[in-house]
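Here's the structure, in structure tokens; my notes come after.
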Amino acid sequence: MTTGTGFSGEVVEYYARYRRGYPDAVVQRIVDAFALTQDDLALDLGCGTGLLTYALAGRVGTMIGMDPEPDMLAAAAAGAATHPPAAVAWVLGSDRDLPTVGRALRPLGALTVAVAIHWMDRATLFRVAGPLLRRGGGVAVVTNGAPLWSYDADWSRELAAFLRDRTGRPGATCQTDVDGRRLTRDALEDAGYDVTETTVDYTATLSVDAVVGGVLSAMTPPPARERRGFVAELERRLQPYAPLTEEVHVTLQLGLPRRPGATMSA
Ligand SMILES: C[S@@+](CC[C@H](N)C(=O)[O-])C[C@H]1O[C@@H](n2cnc3c(N)ncnc32)[C@H](O)[C@@H]1O
């Protein structure tokens, strides 16, 4: 099973090695929004390698990471070796499987979707999620900053130019931008949620190696025989800008069902 979204094979290795996790403040906002406790069950849909799943795991009783890509899920499960022990279960499935999986679960304190909503049918997902939530529980849609090639910084513009030169296309926004967030907000509101939007901002310093690895985690890597040249050229173009500074804005869209009838009691 694979969704054709590209999250398999070597991409997963780059993802596991180079993608940055979520600051504690992001987790705290989710915990506070839905009053999560050790009595709660939460589900991270599109969990990938488990960056947000593990970050939330210590804050609830049980965490489920769910993703349709077996390689991502395998990398997530392997991450148990480097994270504190926690009750985490991994489920192979996509947004379309949520109604079936949900029938087997007790009510959720939170459904989280981090950097994955653009692959999903938002309207259906948010409608289906409402009845799966405990009273006071909600949906958190999270970005992890913007794609590396879309920052207002010289190194990021250089990266965008490099990708255009190589692929003939501008890099995708992955709907982390204002328009993408509007789609999520509208869909949440239409599905009967009150929505709060908040950001966690911080500055990160990236090595050239981290940017190259991040790029390779977000595309079909060039074939092995071309990879060395691709990497060398990208390193050469980024090096003059080092150290690379990223102003990260993690956005959270927190949806609480507003119709009493849309929730189950725990
Ligand atoms: C960019 S990764 C984000 C992973 C993780 N949430 C994070 O914050 O690092 C997007 C993930 O969404 C998953 N995905 C793609 N289509 C999906 C769908 N229809 N339902 C659920 N997850 C999906 C991919 O397999 C991939 O693991």
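What follows draws every value from the coordinates through simple rules; no lab data is involved. Computed from a prediction, not measured in an experiment: that's the story for all the values here. All Cβ positions, glycine included, derive from the backbone under ideal geometry; neighbour counts span all protein chains shown.
What does the C-alpha gyration tensor say about the overall shape of the stretch 1-60? Classify as rounded when a/c is under 1.5, otherwise prolate if a/b is larger than b/c, or oblate.
Cα axes put the stretch 1-60 in the prolate bin.
In nanometres, what is the gap between the two model label sites at Ser207 and Thr220, each 7 Å from Cα along Cα-to-Cβ?
3.0 nm
Under unit Cβ charges (Lys, Arg +1; Asp, Glu -1), what dipole magnitude, rounded to 20 debye, does the stretch 108-266 have relative to its Cα centre?
Computed about the Cα centre, the dipole is about 560 debye.
Whole number please: convex hull volume per residue, Cα atoms of the stretch 69-205, in Å³.
Per-residue hull volume (Cα only) is 166 Å³.
Please list, in order along the stretch 14-20, the HN-Hα scalar couplings obtained from phi with the Karplus expression 6.51 cos²θ - 1.76 cosθ + 1.60 (θ = phi - 60°), rounded to whole Hz, x for Gly and Pro.
Those phi angles translate into 5, 4, 5, 7, 10, 6, 7 Hz.
Using the Karplus curve 6.51 cos²θ - 1.76 cosθ + 1.60 with θ = phi - 60°, what ³J(HN,Hα) values do you get for each residue of the stretch 113-129, in whole Hz, with x for Gly and Pro?
Result, rounded to whole Hz: 9, 10, 6, 9, 5, 5, 8, 10, 8, 4, 4, 5, 4, 5, 5, 5, 5.
Work out how much length Glu189 to Thr37 would gain on full extension: take 0.36 nm times their residue separation and subtract the Cα-Cα distance, in nm to one decimal.
Residue separation times 0.36 nm, minus the Cα-Cα distance, leaves 52.1 nm.
For the stretch 164-230, compute Rh as the Kirkwood radius over C-alpha pairs and then the Stokes-Einstein diffusion coefficient at 25 °C and 0.890 mPa s; write the answer in µm²/s, rounded to an integer.
158 µm²/s
Count the DSSP beta bridges whose two residues both fall in the chain, then state the antiparallel fraction as a percent rounded to the nearest 5.
The antiparallel fraction comes to roughly 45 percent.
Placing unit charges on C-beta atoms (Lys and Arg positive, Asp and Glu negative, everything else neutral), compute the dipole magnitude of the chain about its Cα centre in debye, rounded to 20.
420 debye
In terms of modelled amide H atoms, which long-range or inter-chain residues lie less than 5 Å from the amide H of Gly46?
Here the answer is Met66, Asp67, since their amide H atoms fall under 5 Å of that of Gly46.
Below 11 angstrom from the Cβ of Leu132, what's the summed charge of the other residues (Lys, Arg +1; Asp, Glu -1)?
+4
Starting from 0.36 nm per residue, how many nanometres of slack lie between Arg236 and Ser8 once their C-alpha separation is accounted for?
Length gained between Arg236 and Ser8: 79.3 nm.
Which ³J(HN,Hα) values, rounded to whole Hz and listed in residue order, are derived for the stretch 176-189 from phi using the Karplus coefficients 6.51, -1.76 and 1.60 in 6.51 cos²θ - 1.76 cosθ + 1.60 with θ = phi - 60°, glycine and proline given as x?
Using θ = phi - 60°, the values come out as 8, 8, 4, 5, x, 5, 5, 4, 5, 4, 4, 5, 5, 5 Hz.
Give me, ordered by chain and number, the residues 5 or more places off Asp40 or on other chains with an amide H under 5 Å from its own placed amide H.
Correct list: Gly61, Thr62.
May I ask you to give the average projected area over all directions of the convex hull of the Cα atoms of the chain, in nm² rounded to one decimal? All intermediate terms of the calculation are to be shown ahead of the outcome.
Numbers: hull surface 54.3 nm².
Answer in nm², one decimal: 13.6.
Note the angle between two axes, namely the Cα long axis of helix 24-33 and the longest principal axis of the Cα atoms of the chain, as a number of degrees from 0 to 90, rounded to the nearest 10.
Orientation of helix 24-33: about 20 degrees from the principal axis.
Is the shape of the stretch 17-148 best called rounded, prolate or oblate, per the rule: a/c under 1.5 gives rounded, else a/b larger than b/c gives prolate, else oblate, with a ≥ b ≥ c the square roots of the Cα gyration tensor eigenvalues?
Numbers: a/c = 1.29, a/b = 1.15, b/c = 1.12.
Because its axes are fairly even, with a/c under 1.5, the stretch 17-148 counts as rounded.
How big, in percent, is the set of alpha carbon pairs in the stretch 205-255 lying more than 17 Å apart? Walk me through the numbers on the way to the answer.
Numbers: 595 of 1275 pairs.
Of all Cα-Cα distances in the stretch 205-255, 47 percent exceed 17 Å.
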